[in-house]
Amino acid sequence: MSTKVYDANEVTLVFAGIPIDSGYADGEFIRIAQESDDFTDVVGTDGEVTRSKTNDRRTTISVILMQSSVGNAALSALNNLDRAANNGAGVGPILIADRQGTSVFAAAECWISKPPDVSYDREATAREWTLRAACPERFDGGN
């Protein structure tokens, strides 16, 4: 039996060449959600089941930063550039890795699909950036 250690400071996020290595919100700060199941299935009248591979690997990545994070300015500048320029100026690679474990998420094409909703409060609040990735490679390992 061995003791495992998880350290949120050992999670790497690099998007479009921009490392986001500080300013994360308290609690959950990155969420990765695949849009579709890898396989669907149907059953015939006689009970025979057929499985179909969907080939839809599109993924939504939520990056949750404190409103004071410098990562907000970097992502905002990239998002503004993407909207203003032609041909996907804001599309770039993404890498999310747990450096103390074996989990890795990577995609050659990722973009900001939506800037965060913004609210101002008595105390600092979080900003949740929504990114989309096409055709990612992922390994959900342990730590």
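The values are calculated or read from the model by the stated rules, or taken from the named source; none is laboratory data. Quantities reported herein were computed from a predicted structural model and do not represent experimental measurements. Here Cβ is always computed from backbone atoms with ideal geometry, including for glycine, and neighbour counts include all displayed protein chains. Please note that ligands, DNA and RNA were not included when accessible areas were found on the heavy atoms of the full protein model with its side chains. Shrake-Rupley method; radii C 1.70, N 1.55, O 1.52, S 1.80 Å.
Using beta carbons and a limit of 8 Å, which pairs, at least six apart or on different chains, have the first residue in region 112-125 and closer than 19 Å to I32 by Cα and the second one open to solvent by less than 60 Å² (accessible area, probe 1.4 Å) and assigned to a loop (DSSP other than H, G, I, E, B)?
Pairs that qualify, where the first residue is closer than 19 Å to I32 by Cα and the partner is open to solvent by less than 60 Å² (accessible area, probe 1.4 Å) and assigned to a loop (DSSP other than H, G, I, E, B), are I112/G90.
With the condition kept exactly as written, say whether any residue in region 54-67 is exposed (fewer than 11 other Cβ atoms within 10 Å of the Cβ) and in a strand (DSSP E or B).
no
Scanning region 116-130 for residues that are of a type outside the set (S, T, Y) and either open to solvent by 60 Å² or more (accessible area, probe 1.4 Å) or modelled with pLDDT under 95 (or both), which turns out nearest to L75 (Cα to Cα)?
E128
How many residues does region 74-111 contain that are open to solvent by 20 Å² or more (accessible area, probe 1.4 Å), touching a residue at least 12 places away in the same chain (Cβ under 8 Å) and part of a helix (DSSP H, G or I)?
Of the residues in region 74-111, 4 are open to solvent by 20 Å² or more (accessible area, probe 1.4 Å), touching a residue at least 12 places away in the same chain (Cβ under 8 Å) and part of a helix (DSSP H, G or I).
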